[in-house]
């Protein structure tokens with residue numbers, strides 16, 4: 001009986017220590033994502049974000065075919081966007097679309113690129129290109145998102161004053 005307990009204990013230790021690098025790295029990334037998610041509304045700790053981005057890229061380089069890779073890239077882009085690093089966000093989103101063309105995050109990535117170009121970088125040509133790509137490739141996936149994309153396209157480059165006047169004119173015409 002004592003030998004059985006020793007054998008079981010040894011087996012448990014071996015099992016615990018054989019937990020793969022992928023699982024450990026994924027767990028670390030998820031913990032880091034959870035800890036910074038609450039602080040993204042404000043400037044998060046730069047060192048913490050740098051470590052997270054390094055871990056994400058380490059995971060992707062070690063496990064490029066894993067389904068979590070595209071999810072982590074999307075989260076990396078969100079982090080860059082929340083920190084005002086819009087060009088880095090777009091670069092990561094492009095990487096996601098190229099490296100993982102069938103990932104479930106692709107539709108949202110294209111929309112996010114269009115939004116960044118239109119509303120944060122004021123590059124209306126690129127925004128139009130991304131929005132049209134969204135409608136042609138992902139437009140059937142989410143009716144509300146497609147509606148939002150069409151509204152964005154209709155209002156590209158318009159100032160808040162122009163939008164307000166347009167809304168006012170539409171309201172007046174309904175009277």
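Take the residues in the stretch 93-107 that are touching a helix residue (DSSP H, G or I) at 6+ places or on another chain (Cβ under 7 Å) and in a helix (DSSP H, G or I), then tell me which one is farthest from residue 134 (Cα to Cα).
95
Taking into account only those residues within the stretch 143-167 that are assigned to a loop (DSSP other than H, G, I, E, B) and touching a residue at least 12 places away in the same chain (Cβ under 8 Å), which is farthest from residue 103 (Cα to Cα)?
157
Can you confirm whether the stretch 24-40 contains a residue that is at pLDDT below 95, in contact with a helix residue (DSSP H, G or I) (Cβ under 8 Å, 6 or more places away or on another chain), in a loop (DSSP other than H, G, I, E, B) and closer than 23 Å to residue 145 by Cβ?
For the stretch 24-40, residues at pLDDT below 95, in contact with a helix residue (DSSP H, G or I) (Cβ under 8 Å, 6 or more places away or on another chain), in a loop (DSSP other than H, G, I, E, B) and closer than 23 Å to residue 145 by Cβ: present.
Could you check residue 61 against (1) within 27 Å of residue 24 (Cα to Cα); (2) assigned to a loop (DSSP other than H, G, I, E, B); (3) without any contact (Cβ under 8 Å) to a residue 12 or more places away in the chain and say which number it fails?
(2)
Could you identify the single residue in 110, 90 that is in the same structural domain as residue 25 (by TED's automatic domain parsing), under 11 Å from the mean Cα position of the chain (by Cα) and assigned to a helix (DSSP H, G or I)?
90
May I ask you to say which residue of 122, 140, 170 is assigned to a loop (DSSP other than H, G, I, E, B), farther than 30 Å from residue 64 by Cα and not assigned by TED's automatic domain parsing to the domain that holds residue 53?
Every option except 122 fails the conditions.
The values are calculated or read from the model by the stated rules, or taken from the named source; none is laboratory data. In this text the structure is predicted, and so the values were computed from the model without any measurement. Neighbour counts run over all protein chains shown; Cβ positions are idealised from the backbone, glycine included.
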